[in-house]
Amino acid sequence: MARSKLLNDTVSDNKSLHVFIIGITGKVGGLLAQKLLSKGDTVHGLVRRDEQRADLAAQGMDAVVGDLSSMTVEELAAAFGNADVIVFSAGSNGGSKEDTMAIDDHGVAKAIDATRQAGVNRLALVSVLPESWRERDLGDEVEYYFAAKKKADIALSRSDLDWLILRPSLLVDDPGIGSVSLGPAEFHGQIARADVAETLAELLHEPRISQQILELNNGSMPIREAVKS
């Protein structure tokens, strides 16, 4: 309880956070790390290889080398260190069923347990907008990916953590435009990964947004205003 109050006080005073990112070498995770650094936050995360750790160190970020699929809950909790917030932005992106199960399903469940075990209260999950690609004839592996994402959303939403689930629409690598449409239910379109990262960075610094599922699409409202409203 005291830790939660301290986190809320810290965030509301716009002081820096210590954020651990699972998926820090991914596209959204990497952009998020840069956004957080620009805010003065301390950022570290989980990487698979020593050279990735060296690359992050050159950018002012520390990292723990490990494989999410094989790490124990205890090992993952130890990796979190003294983080204030855990962000799970890793994903198989509709790869093999084995990878999807290990990352998007079991990986999230492991992160929930590790967050609790480490004494961290806040966990943010980057999920997917359920309507994504519904107009297409998807293969079995992509359908399994959507099912795993939904299962992870349910698991986190039923936890006792201070959780946040962000569901962006179709991700693209276009430059960010700095404006979005954010709310409990949004139309499915597309959104730049840079705008997703910026939105998430703002959400992490907004303690009033707690235990909510938010959907994110391109839109006309400036990101900071969308988060505050």
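The values are calculated or read from the model by the stated rules, or taken from the named source; none is laboratory data. Please read these numbers as outputs of a predicted model, since none were measured by experiment. Glycine also receives a Cβ, built like all others from the backbone with ideal geometry; neighbour counts cover every protein chain displayed. Just the protein is used for accessible areas: all its heavy atoms, side chains included, with ligands, DNA and RNA removed. Shrake-Rupley method; radii C 1.70, N 1.55, O 1.52, S 1.80 Å.
Is it the case, given these coordinates, that ALA109 is out of contact with any helix residue (DSSP H, G or I) (no Cβ under 7 Å at 6 or more places or on another chain) and part of a helix (DSSP H, G or I)? Let's see the steps before the verdict.
Values: out of contact with any helix residue (DSSP H, G or I) (no Cβ under 7 Å at 6 or more places or on another chain): no; part of a helix (DSSP H, G or I): yes.
So ALA109 fails the test.
For segment 85-98, indicate whether the set of residues that are more than 18 Å from the chain's Cα centre (by Cα), of a type outside the set (Phe, Trp, Tyr) and part of a helix (DSSP H, G or I) is non-empty. Even if it seems obvious, please write down each step before you answer.
Here is the first cut: in segment 85-98, the residues more than 18 Å from the chain's Cα centre (by Cα) are 95-98.
Adding the requirement that they be of a type outside the set (Phe, Trp, Tyr) leaves 95-98.
Imposing the further condition that a residue be part of a helix (DSSP H, G or I) reduces the set to 97-98.
Yes, some residue in segment 85-98 is more than 18 Å from the chain's Cα centre (by Cα), of a type outside the set (Phe, Trp, Tyr) and part of a helix (DSSP H, G or I).
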(request) Would you check if there is a residue in segment 158-167 being touching a residue at least 60 places away in the same chain (Cβ under 8 Å) and under 18 Å from HIS18 (Cα atoms)? (result) yes
(message) Which of the numbered conditions does GLU202 fail, given that it passes all the others? Conditions: (1) open to solvent by less than 70 Å² (accessible area, probe 1.4 Å); (2) in contact (Cβ under 8 Å) with a residue 60 or more places away in the chain.
(response) (2)
(request) Within segment 47-62, track down each residue that is assigned to a loop (DSSP other than H, G, I, E, B), open to solvent by 70 Å² or more (accessible area, probe 1.4 Å) and either at pLDDT 95 or above or farther than 29 Å from ASP105 by Cβ (or both). (result) GLN59
(request) Working only within segment 122-134, note down all residues that are open to solvent by less than 40 Å² (accessible area, probe 1.4 Å) and modelled with pLDDT under 95. (result) VAL128, LEU129, SER132
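So which residues in segment 31-46 are open to solvent by less than 60 Å² (accessible area, probe 1.4 Å) and in contact with a strand residue (DSSP E or B) (Cβ under 9 Å, 6 or more places away or on another chain), if there are any at all? Show your work before the answer.
Going through segment 31-46, the residues open to solvent by less than 60 Å² (accessible area, probe 1.4 Å) turn out to be 32-33, 36-37, 40-41, 43-46.
Result: LEU32, ALA33, LEU36, LEU37, ASP41, VAL43, HIS44, GLY45, LEU46.
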(request) Could you list, in sequence order, all residues of segment 203-223 that are of a type outside the set (Ser, Thr, Tyr) and under 13 Å from VAL85 (Cβ atoms)? (result) LEU203, LEU204, HIS205, GLU206, PRO207, ILE209
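Looking at GLU75, is it of a type in the set (Asp, Glu), touching a Gly at 6+ places or on another chain (Cβ under 7 Å) and free of Cβ contacts under 8 Å to residues at least 40 places away in the same chain?
yes
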(request) Give the residues of segment 205-227 that are over 16 Å from the mean Cα position of the chain (by Cα) and open to solvent by 60 Å² or more (accessible area, probe 1.4 Å), sorted by residue number. (result) ARG208, ASN218, SER220, MET221, PRO222, ARG224, GLU225
(message) What's the total number of residues in segment 188-199 that are outside any strand (DSSP E or B), over 16 Å from the mean Cα position of the chain (by Cα) and free of Cβ contacts under 8 Å to residues at least 40 places away in the same chain?
(response) 1
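So that you can scan it fast, the table gives a plain yes or no per residue for (1) buried (at least 17 other Cβ atoms within 10 Å of the Cβ); (2) hydroxyl-bearing (Ser, Thr, Tyr); (3) farther than 26 Å from GLN34 by Cα:
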| site | (1), (2), (3) |
| --- | --- |
| THR72 | no, yes, yes |
| ALA77 | yes, no, no |
| GLY81 | no, no, no |
| VAL85 | yes, no, no |
| GLY94 | yes, no, no |
| ASP104 | yes, no, no |
| ALA111 | yes, no, no |
| THR115 | yes, yes, no |
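This table checks each residue for (1) at pLDDT below 95; (2) under 23 Å from SER169 (Cβ atoms).
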site: LEU17; (1), (2): no, no
site: ALA33; (1), (2): no, yes
site: LEU36; (1), (2): no, yes
site: VAL64; (1), (2): no, no
site: VAL87; (1), (2): no, yes
site: ALA102; (1), (2): yes, no
(message) Restricting to segment 14-30, name every residue that is open to solvent by 10 Å² or more (accessible area, probe 1.4 Å) and under 17 Å from SER127 (Cβ atoms).
(response) GLY23, GLY26, LYS27, VAL28
